[in-house]
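Read the structure below first, then the notes.
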Amino acid sequence: MSKLLMKGNDAIVRGAILAGCRIYFGYPITPASEIAESAARYMPRVGGTFLQAESEIASINMVYGAAGGGVRVMTASSGPGISLKQEGISYAAGSELPCVIVDIMRGGPGLGNIAPEQSDYNQVVKGGGHGNFKCPVLAPNSVQEMSDLTQLAFEIAEKYRTPVYVLADGYTGQMMEAVEFGEPFTNVPKQDWAVYGDAESKHNLISSIYLDPEELEEHNRKLQQKYENIKQNEVRVEEFMLDDAEYVVVGYGIVSRVLKTTVERLRSQGLKFGLLRPITLFPFPEKRIIELAKMAKKFLAVEMSNGQMVEDIRLAVNGSRPVEFYGRMGGVVPTAAELVERCQNLVKKEN
Amino acid sequence: MASKVLQKPASFYDTYERNPSTDKKMPHYCPGCGHGNVHKFIAEALDNYELADRTIFISPVGCSVFGYYYFDTGNIQAAHGRAPAVATGIKRAHPHSIVISYQGDGDLAAIGTAEILHAANRGENITVFFINNAIYGMTGGQMAPTTLETQKTTTTPTGRNARNEGYPVKVAELISQLEAPVYVERVALFDNKHRSRARMAVRKAIKNQADHLGFSLVEILSPCPSGWKMDPVDSLHWIKDVMMNQFPLGVYKDNTKEVEPYEAPKMQLSDEEIKQAIEIIPDTEKEFKKTEYAERYANPEIKVAGFGGQGVLLLGAALAQAGLLENYNVSWLPSYGPEMRGGTANCHVNVRNIPVGSPVVNDPTVLIALNRPSLEKFEPVVVKNGLIIYDTSLIDIEVQRDDVEVLAIPATEMADKLGNTRTANMIAMAAFAGYTGIFNRETLKETLKTAIKRKKLLAINEKAVDEGYEFGKSKRPS
Amino acid sequence: MQKKKLEKPFVKVVPELCKGCGICIEACPPEVLKFHDKFNTKGYHFAYYLGDDCRGCGVCFYACPEPEAIIVYKKGYEYEGEEVA
């Protein structure tokens, strides 16, 4: 047996270490705390650093400092903590620092609860902090992907010099599934922009300040070009039974798993449903949705939120097809049975 | 030999190319501003100790936000108040570097209070220069946390009133109360003697870091003639005559003679050692064959529930592990957080031939209830023709439904007879397998290697598996 | 070229880099620095050395907040070519 049974949160840390990450700064918060605990256990064993910071703000700023040093570094939290980290994430985006931020979403707003929601979509995918920036967002839906996409997150972060999110929910973090690991990557390249505390790198400056309006505009244009490149190159989706689909359901993370079961059941009833699961939320699979809109009659977005991703689908579809929404909030995970019913209604309305 | 010339230290850039001003030779500070003196002391110290190449200067938010215009070192600009956190990050990434966190009073003693306190408390091997000029200079003269009582600023137009704004924050005193810092001194820039003292303090604080001694902080009472609306020379007198009364000078802490230098050991691991260290090498290479069992038990969606402390989560995890070993698709989802600590626990386990959709078990095909509230709560949601297993030792009611299979087992009594009531969970787990036939007994025993952390409890849990499995099997419907 | 040794300490104020704060003037023990009647291109009355009696103590160098507005040459300073003064 080459697979191990472990929690999503544990798999993230193993994946990060395999990706060459040796520094973790974080603050405990349910349901993300196992990430910190796992990092506390394993980072020192591989010659790395785990540090429980005094606050979410401090932890993201520690990440900022280490990222400025050109090393692979990460932090993790849940919605309330991510809100606090937004300041530092904006600085990291402005200073073009690669780092990985994991958000194990819980119920909000405010203290909300610790059950799984997908209500951080807006603050994570749409920027959250101040300024004209976006961060690539990877949305795993299994424990295997918690590891795999964390590793990918480090690659994307470094390739584009940007913070990258891994966005999952409380259940994906807490649940155990089988996971298989690859070989460690230890050859983190030296970055020509980073500050290493040596003569070679001392001319480098990590900063997000551009006092002159035209210079700041130019910097922002450069950032927008980077986001454009990310859009061109980094879109990732999983498709299920879309080839002849008349109805397209769209969901990410844990919802996509329920939707897969839902589509299977609907297909057995002869209803031509298919699933589009965005794995990257930014970049969002707009092009694929535009293609699908040419053949599908209707779209249904399912989220554990008040309808945040659905806005991106509507933007892509641009009015050419109806886009409906079904959401659960407060930590309720929709069941396949209720989604089947919702989808059947979609067809009934059509007829 | 002492130098025969005193001139601009080499640790400053020759020209300040990052400064957008057309004048690349003149710093942006106002006439008479103390930042310039401290910059000069720092640059001179870096020259003397030959540290500039290794130095990373953290510029804060405030008048010294452009510190990176001047220091020919590595430079990082930080968010307001976060310089000690940023310094921590880069220092941990590159421990050989010399990290200087240079901060003003708003930055360090107001918005960044948590960051400085905790960086100091961790004894980060960094050097902090704290420029206390009792005012916000950059934003135009508002109250600082260190603004003196009765001092007028644009946000304390009638003078700082302790009843409204509290008292000046005394940073050197505060930081010196912590265990970890090795050197804390307050100095002032107002006459030759005190400037000399300040220069020495700056040197010492940098040297401490190079010597791996730990956290040093120098608070510098520094003139802000513009903010104070004073002539530069008068501002020096104000430090001496007014400011020093509320901020006494002196060495608040100096452990540098006593502490041992500390450098974190370096580690080089092979790929194989890394994999071992992070425990991703499975316990067994063995393949476990699936059993033949009645179709109605296939793809179980299991809910396990009981009191916290009964090993409910572990029971579920063992089932999932057994499923994994027999090459099923499995998932295990716990109740977590306050619910878990509130005294009840439950978990959801899927063991399926096809990939698991939702890991949430809303309508269990199998309920394993280890206490009465769990049976009462979840009995109604078990699917028709499902299976309920419950511990009769602790549950004094019976299953009401007649459309489900029931396996009543005195798991806790059986565990007690074995000598440890804590093994009741494994008895119930094995009873499920024995009753349904879904797992091999050997597979269950293999799962114990992962599930049971304390090796001395392995033998008794193996017995528990045997007992539970036999009990379940004996009740298996023919 | 043969090196020459400075026989008397000397202080040089660079007029264009002086912001005229006067702190060096206040600090100088032998009181050999003064504000100039002229002002520089920034509009500051810069400090200048009266030309005699500098002790090379360096006090003004550390009192001056500017990185390179003041240079102090001590007795015995070795130089080539043009006179330091």
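The values are calculated or read from the model by the stated rules, or taken from the named source; none is laboratory data. Predicted model, so just to flag it, every value in this text is computed and none were measured. Counting neighbours? That spans all protein chains shown, and the Cβs are built from the backbone with ideal geometry, glycine included.
Filtering region B:180-229 down to residues that are aliphatic (A, V, I, L, M) and within 14 Å of chain C (Cβ to nearest Cβ), which residue is nearest to residue C:26 (Cα to Cα)?
To start, the set of residues in region B:180-229 that are aliphatic (A, V, I, L, M) comprises B:180, B:182, B:184, B:187-189, B:198, B:200-202, B:205-206, B:210, B:213, B:217-218, B:220-221.
Next cut, within 14 Å of chain C (Cβ to nearest Cβ) only: B:187-189, B:198, B:200-202, B:220.
On the way: B:187: 19, B:188: 16, B:189: 13, B:198: 18, B:200: 21, B:201: 23, B:202: 23, B:220: 20 Å.
Filtering first and then ranking leaves B:189.
Just the residues that are modelled with pLDDT of 95 or more and part of a loop (DSSP other than H, G, I, E, B), please, taken from region B:263-289. Even if it seems obvious, please write down each step before you answer.
Of region B:263-289, the ones modelled with pLDDT of 95 or more are B:269-280.
Listed by number, the residues that qualify are B:269, B:270, B:278, B:279, B:280.
So for region B:87-102 (the condition being in the same structural domain as residue B:196 (by TED's automatic domain parsing), modelled with pLDDT under 95 and buried (at least 24 other Cβ atoms within 10 Å of the Cβ)), does at least one residue qualify?
Kept after step one, since they are in the same structural domain as residue B:196 (by TED's automatic domain parsing), are these residues of region B:87-102: B:87-102.
Now narrow it down to the ones that are modelled with pLDDT under 95: none.
No, region B:87-102 has no match at all.
In region C:60-69, how many are aliphatic (A, V, I, L, M) and more than 8 Å from chain B (Cβ to nearest Cβ)?
So in region C:60-69, the residues aliphatic (A, V, I, L, M) come out as C:63, C:69.
Those still in the list that are more than 8 Å from chain B (Cβ to nearest Cβ) too: C:69.
Number of matching residues: 1.
Out of B:81, B:62, which single residue is out of contact with any Phe, Trp or Tyr (no Cβ under 8 Å at 6 or more places or on another chain) and crowded, with 24+ Cβ neighbours inside 10 Å?
Working: B:62 fails: out of contact with any Phe, Trp or Tyr (no Cβ under 8 Å at 6 or more places or on another chain).
Result of the check over B:81, B:62: B:81.
Just to verify a result, which residue in region B:257-305, among those that are more than 14 Å from chain A (Cβ to nearest Cβ), over 28 Å from the mean Cα position of the chain (by Cα) and not charged (D, E, K, R), is surrounded by the fewest Cβ atoms within 10 Å (Cβ to Cβ)?
Across region B:257-305, the extreme among qualifying residues is B:294.
So which residues in region A:176-191 are under 27 Å from residue B:77 (Cα atoms) and either in contact with a helix residue (DSSP H, G or I) (Cβ under 6 Å, 6 or more places away or on another chain) or away from every other protein chain (no Cβ under 13 Å) (or both), if there are any at all? Can you show your working first?
Filtering region A:176-191 for residues under 27 Å from residue B:77 (Cα atoms) gives A:188-191.
Answer for region A:176-191, where residues must be under 27 Å from residue B:77 (Cα atoms) and either in contact with a helix residue (DSSP H, G or I) (Cβ under 6 Å, 6 or more places away or on another chain) or away from every other protein chain (no Cβ under 13 Å) (or both): just A:189.
Return only the number of the condition from (1) within 14 Å of chain A (Cβ to nearest Cβ); (2) touching a residue at least 40 places away in the same chain (Cβ under 8 Å); (3) assigned to a loop (DSSP other than H, G, I, E, B); (4) under 26 Å from residue B:449 (Cα atoms) that residue B:310 does not satisfy.
Going through the list (1) within 14 Å of chain A (Cβ to nearest Cβ); (2) touching a residue at least 40 places away in the same chain (Cβ under 8 Å); (3) assigned to a loop (DSSP other than H, G, I, E, B); (4) under 26 Å from residue B:449 (Cα atoms), residue B:310 breaks only (1).
Scanning for something closer than 19 Å to residue A:147 by Cα, assigned to a strand (DSSP E or B), within 10 Å of chain B (Cβ to nearest Cβ) and modelled with pLDDT of 95 or more, does region A:25-37 turn up at least one residue?
First, the residues of region A:25-37 that are closer than 19 Å to residue A:147 by Cα: A:25-26, A:31-37.
In the following step, the residues that additionally are assigned to a strand (DSSP E or B) were identified as A:25-26.
If we keep only those that are within 10 Å of chain B (Cβ to nearest Cβ) too, we end up with A:25.
Still in the list and also modelled with pLDDT of 95 or more: A:25.
Within region A:25-37 (the criterion being closer than 19 Å to residue A:147 by Cα, assigned to a strand (DSSP E or B), within 10 Å of chain B (Cβ to nearest Cβ) and modelled with pLDDT of 95 or more), the answer is yes, since at least one residue qualifies.
Within region B:401-439, can you find the residues that are in a loop (DSSP other than H, G, I, E, B), out of contact with any helix residue (DSSP H, G or I) (no Cβ under 6 Å at 6 or more places or on another chain) and under 30 Å from residue B:284 (Cβ atoms)?
The answer is B:419, B:437.
If we only count helices (runs of 4 or more DSSP H) wholly inside region A:47-158, which ones have 2 or more residues that are out of contact with any helix residue (DSSP H, G or I) (no Cβ under 6 Å at 6 or more places or on another chain) and more than 10 Å from every other protein chain (Cβ to nearest Cβ)? Step through it out loud before you land on a result.
Details: elements: A:56-68, A:79-94, A:121-125.
By residue number, A:79-94, A:121-125.
Which condition does residue A:232 not pass, out of (1) surrounded by 20 or more Cβ atoms within 10 Å (Cβ to Cβ); (2) under 19 Å from the mean Cα position of the chain (by Cα), if it passes all the others?
(1)
Do you know which of the residues in region C:33-46 that are out of contact with any Lys or Arg (no Cβ under 6 Å at 6 or more places or on another chain) and surrounded by 18 or more Cβ atoms within 10 Å (Cβ to Cβ) is farthest from residue B:232 (Cα to Cα)? Full working, then the answer.
From region C:33-46, those out of contact with any Lys or Arg (no Cβ under 6 Å at 6 or more places or on another chain) are C:33-43, C:45-46; that's our starting set.
Filter again for surrounded by 18 or more Cβ atoms within 10 Å (Cβ to Cβ), leaving C:33, C:46.
Numbers: C:33: 16, C:46: 14 Å.
So, considering only residues that are out of contact with any Lys or Arg (no Cβ under 6 Å at 6 or more places or on another chain) and surrounded by 18 or more Cβ atoms within 10 Å (Cβ to Cβ), the one farthest from residue B:232 (Cα to Cα) is C:33.
Has region B:238-256 got any residue that is surrounded by 15 or more Cβ atoms within 10 Å (Cβ to Cβ), hydrophobic (A, V, I, L, M, F, W, C) and within 14 Å of chain A (Cβ to nearest Cβ)?
no
What number goes with the only condition from (1) in contact (Cβ under 8 Å) with a residue 60 or more places away in the chain; (2) more than 10 Å from every other protein chain (Cβ to nearest Cβ); (3) under 24 Å from the mean Cα position of the chain (by Cα) that residue B:64 does not pass?
(3)
Check region B:8-15 and report whether any residue there is more than 8 Å from chain A (Cβ to nearest Cβ), crowded, with 24+ Cβ neighbours inside 10 Å, closer than 30 Å to residue B:266 by Cα and under 24 Å from the mean Cα position of the chain (by Cα). Before you say what the answer is, go through the steps one by one.
Filtering region B:8-15 for residues more than 8 Å from chain A (Cβ to nearest Cβ) gives B:8-15.
After this cut, where a residue has to be crowded, with 24+ Cβ neighbours inside 10 Å as well, the list is B:11-12.
Within this subset, residues satisfying the condition of being closer than 30 Å to residue B:266 by Cα are B:11.
Going one step further and asking which of them are under 24 Å from the mean Cα position of the chain (by Cα), we end up with none.
No, every residue in region B:8-15 fails to be more than 8 Å from chain A (Cβ to nearest Cβ), crowded, with 24+ Cβ neighbours inside 10 Å, closer than 30 Å to residue B:266 by Cα and under 24 Å from the mean Cα position of the chain (by Cα).
Scanning region B:399-432 for residues that are within 20 Å of residue B:372 (Cβ to Cβ) and among the polar types (S, T, N, Q), which turns out surrounded by the most Cβ atoms within 10 Å (Cβ to Cβ)?
Applying the filter and picking the extreme gives B:425.
Within region B:192-204, does at least one residue satisfy the condition of being surrounded by 19 or more Cβ atoms within 10 Å (Cβ to Cβ), within 18 Å of residue B:244 (Cβ to Cβ) and under 26 Å from the mean Cα position of the chain (by Cα)?
No: zero hits.
For every residue, the table says whether it meets (1) among the charged types (D, E, K, R); (2) at pLDDT below 95; (3) under 15 Å from the mean Cα position of the chain (by Cα).
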| position | (1), (2), (3) |
| --- | --- |
| A:202 | yes, no, no |
| A:249 | no, no, no |
| A:271 | no, no, no |
| A:275 | no, no, no |
| A:282 | no, no, yes |
| A:294 | yes, no, no |
| A:310 | no, no, no |
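Considering (1) surrounded by fewer than 22 Cβ atoms within 10 Å (Cβ to Cβ); (2) in a loop (DSSP other than H, G, I, E, B), say which one residue B:378 fails and leave the rest.
(2)
Report the residue count in region B:85-119 for those that are part of a helix (DSSP H, G or I) and more than 8 Å from chain A (Cβ to nearest Cβ).
Step one: of region B:85-119, the residues part of a helix (DSSP H, G or I) are B:85-93, B:105-111, B:113-119.
Those still in the list that are more than 8 Å from chain A (Cβ to nearest Cβ) too: B:105-111, B:113, B:116, B:119.
Of the residues in that region, 10 qualify.
Of the residues B:168, B:181, which is in the same structural domain as residue B:108 (by TED's automatic domain parsing) and over 21 Å from residue B:122 (Cα atoms)? Can you show your working first?
Values: B:181 fails: over 21 Å from residue B:122 (Cα atoms).
After applying the criteria, what remains is B:168.
What do you reckon, is residue A:340 out of contact with any Ser or Thr (no Cβ under 9 Å at 6 or more places or on another chain) and either part of a loop (DSSP other than H, G, I, E, B) or of a type in the set (A, V, I, L, M, F, W, C) (or both)? Explain how you work it out, then say what you get.
Working: out of contact with any Ser or Thr (no Cβ under 9 Å at 6 or more places or on another chain): no; either part of a loop (DSSP other than H, G, I, E, B) or of a type in the set (A, V, I, L, M, F, W, C) (or both): yes.
No.
Collect the residues in region C:31-59 that are within 12 Å of chain B (Cβ to nearest Cβ) and part of a loop (DSSP other than H, G, I, E, B), keeping them in residue-number order. Can you show your working first?
At the first step, the residues of region C:31-59 found to be within 12 Å of chain B (Cβ to nearest Cβ) are C:35, C:40-47, C:54, C:56-59.
Result: C:40, C:41, C:42, C:43, C:44, C:45, C:46, C:54, C:56, C:57, C:58.
Of the conditions (1) outside any helix (DSSP H, G or I); (2) more than 7 Å from chain A (Cβ to nearest Cβ), residue B:56 clears all except one; give me its number.
Checking residue B:56 against (1) outside any helix (DSSP H, G or I); (2) more than 7 Å from chain A (Cβ to nearest Cβ), the one that fails is (2).
Taking the condition more than 8 Å from every other protein chain (Cβ to nearest Cβ), touching a residue at least 12 places away in the same chain (Cβ under 8 Å) and crowded, with 24+ Cβ neighbours inside 10 Å, does residue B:38 pass?
Answer is yes for this residue.
Which numbered condition trips up residue B:442, out of (1) in a helix (DSSP H, G or I); (2) more than 19 Å from residue B:303 (Cβ to Cβ); (3) free of Cβ contacts under 8 Å to residues at least 24 places away in the same chain; (4) not basic (Lys, Arg)?
(3)
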